[in-house]
Amino acid sequence: MSLATIIGICGAAVNMVCYVPQLYKLYSTKEGKDVSAKSYMLFACNTLLLLIYSSLKDEPIFIVTSATSLTQNILVLYLKHKYDSANNNASPQEENV
């Protein structure tokens, strides 16, 4: 295995876990107000383009990494939308309890 492959695998591994803290925070706090939807939409577009590129180049490590990252991006955006909607629909009485 070449040094370039090892570095690529290490980078892919870090990339695949970098969204876990944000997902955990969103899920545990049920709050999405501090998450920038625009940033995550840009990340998702970037990741989609990288997924297409790595598929065309037949790079399995980067296909898996891009697919995982795209899934995590979409999940962050979904949870943000879900919790923002739920918190906006809560009545003021419920927020004070």
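Every number here is computed from the coordinates shown, using simple stated rules; none is lab data. Note that this is a predicted model, so its numbers are computed, not measured. Here the Cβ positions follow ideal geometry from the backbone for every residue, glycine too, while neighbour counts run over all protein chains shown.
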Counted residues, the stretch 30-54 - those being over 15 Å from Val64 (Cβ atoms) and touching a residue at least 12 places away in the same chain (Cβ under 8 Å):
10
For the stretch 24-34, indicate whether the set of residues that are touching a Gly at 6+ places or on another chain (Cβ under 8 Å) and part of a helix (DSSP H, G or I) is non-empty.
yes
